[in-house]
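**Q** The structure is given below, and queries will be raised subsequently.
The values are calculated or read from the model by the stated rules, or taken from the named source; none is laboratory data. Model, not experiment: these values are computed from the prediction. Please note: Cβ atoms are built from the backbone with ideal geometry, for glycine as well, and neighbour counts cover all protein chains shown. These area figures cover heavy atoms from the full protein model, side chains too; ligands, DNA and RNA do not enter into them. Shrake-Rupley method; radii C 1.70, N 1.55, O 1.52, S 1.80 Å.
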Amino acid sequence: MSLKEQIDLTRLPKHIAVIMDGNGRWAKQKGMNRIFGHTNGVNAVRETAEACAELGVEYLTMYAFSAENWNRPQLEVSALMTLLLKTINGELKTLLKNDIRLGAIGDIDSLPKGVAKELREAIEKTSHCKRMELILALSYGAKNEMVRAVKQIALKVQSGETSLHDINENLITENLYTAGRPDPELLIRTSGEKRVSNFLLWQLAYAEFYFTDVFWPEFNKEELYKAVIEFQNRERRFGKTSEQLATGK
Ligand code: FPP
């Protein structure tokens, strides 16, 4: 039986989040520069998005550029921005053809003006698409996202729009960049690193974590299937006991 056939389509994660890691090390192994790794990483983004849409996953969030990534060498940062711009432009038709909506989380205003503009236009042009949302985390940091949410809520309390009494988990969720989307049920990180690196700290509360040694440019549909199969083999208890899950009590 192929890997794809081993997947139970009735128990798919609705939302998968991915920390794409290992572009630099993959390129180094090949005696190439880091930018070569990122360029090849785009193929893995395409493969993963395609595999998720074909299976019926509804949301796919990819950590494309962290708030901390601004500290990388200037040359690498500008190459990543150029690659992002090129990818958005190049993939827009494919997104539309496949009924995939583009989304973004993070401090989009901090991106170079041209990138932010193209990104917003692509989001707008694909906003009617229904099959899946591909969400790019760009200039994203989870702690910063929480600070922003706290400030937004504080302002609403200050203006009387809401009260201290109304602050609960839902209100916080609604003030995060990810508002309106379900939490990821599966987090994938490539390249053998086992960290969460300031990614979706609130939203990953109950996610299953899947780590693979494969470097990001080598991640493909088969690797995605392996992660989903592993997810389906895990028992998700949400704080309950195995017996409670088995008896439904
Ligand atoms: C991590 O590898 C990867 C990134 C910081 C960027 C991810 C970007 C892409 C895959 C290409 C652009 C994406 C889109 C959506 C257009 P690393 O550089 O940290 O690798 P290393 O840990 O081996 O150095």
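**Q** Under 10 Å, Cα contacts only: if you run a Gaussian network model on the chain, which one of 54, 218, 161 comes out with the highest mean-square fluctuation?
**A** Top of the fluctuation ranking is 161.
**Q** Tell me, what ³J(HN,Hα) does each residue in the range 102-111 have, in order and in whole Hz, if you take phi through Karplus 6.51 cos²θ - 1.76 cosθ + 1.60 with θ = phi - 60° and put x for Gly and Pro?
**A** With coefficients 6.51, -1.76 and 1.60, one gets 9, x, 8, 10, x, 8, 4, 4, 7, 6 Hz.
**Q** Which residue fluctuates the most in the chain, going by a Gaussian network model with Cα springs under 10 Å, if the choices are 235, 174, 223?
**A** Per the Cα network of the chain with a 10 Å cutoff, 235 tops the list.
**Q** Which of the lysines could a cross-linker bridge to residue 130, judged by Cα under 22 Å and excluding same-chain residues fewer than eight apart?
**A** By straight Cα distance, residue 130 reaches 14, 93, 97, 221.
**Q** Tell me, what ³J(HN,Hα) does each residue in the range 195-212 have, in order and in whole Hz, if you take phi through Karplus 6.51 cos²θ - 1.76 cosθ + 1.60 with θ = phi - 60° and put x for Gly and Pro?
**A** So the Karplus estimates, Gly and Pro as x, are 9, 9, 6, 6, 10, 6, 4, 6, 6, 8, 3, 10, 6, 7, 9, 10, 10, 10 Hz.
**Q** Taking the full set of protein chains and a 1.4 angstrom probe, give the accessible area of residue 226 in square angstrom, rounded to the nearest 10.
**A** 80
**Q** For the chain, what does the relative contact order come out to in percent, with C-alpha contacts under 8 Å and a separation of six or more? Provide the component values of the computation, followed by the final result.
**A** Details: 365 pairs, mean separation 72.2, N = 249.
After rounding, I find 29 percent.
**Q** A follow-up question, please. Have a look at 18, 171, 186 and report the one farthest towards the positive end of the charge dipole of the chain, computed about the Cα centre with Cβ charges (Lys/Arg +1, Asp/Glu -1).
**A** Selected residue: 18.
**Q** Same structure, new question: About the Cα centre of the range 166-249, how large is the charge dipole given +1 on each Lys and Arg Cβ and -1 on each Asp and Glu Cβ? Please answer in debye to the nearest 20. Intermediate values should be presented prior to the final figure.
**A** Working: 11 positive and 14 negative charges, 39 e Å.
With only Lys, Arg, Asp and Glu charged at Cβ, the dipole is about 180 debye.
**Q** Measuring from centroid to centroid over Cα atoms, what is the spacing of the range 115-188 and the range 1-68 in Å?
**A** 22
**Q** While we're on this one: Each residue of the range 66-82 in turn: what ³J(HN,Hα) in whole Hz from Karplus with 6.51, -1.76, 1.60 and θ = phi - 60°, glycine and Pro shown as x?
**A** Ordered by residue, 3J(HN,Hα) equals 8, 4, 6, 5, 4, 7, 6, x, 3, 5, 5, 4, 5, 5, 5, 5, 5 Hz.
**Q** Ok, one more. Connecting C-alpha atoms closer than 10 Å in a GNM of the chain, tell me which of 112, 73, 13 has the biggest fluctuation.
**A** Looking only at 112, 73, 13, the biggest GNM fluctuation is shown by 73.
**Q** Separate question: By average Cβ neighbour count within 10 Å, what is the ranking of 93-99, 61-67, 141-147, 243-249 from highest down? Don't jump to the answer; show the numbers that get you there.
**A** On the way: 93-99: 13.9, 61-67: 22.4, 141-147: 17.1, 243-249: 9.0.
By packing density, highest mean first, the sequence is 61-67, 141-147, 93-99, 243-249.
**Q** If you place +1 on the Cβ of every Lys and Arg, -1 on the Cβ of every Asp and Glu, and leave all else neutral, what size is the dipole of the chain about its Cα centre, to the nearest 20 Debye?
**A** Numbers: 34 positive and 33 negative charges, 71 e Å.
Around 340 debye, computed over the chain.
**Q** Let me ask something else about it. Have a look at 205, 227, 217 and report the one farthest towards the positive end of the charge dipole of the range 180-232, computed about the Cα centre with Cβ charges (Lys/Arg +1, Asp/Glu -1).
**A** 205
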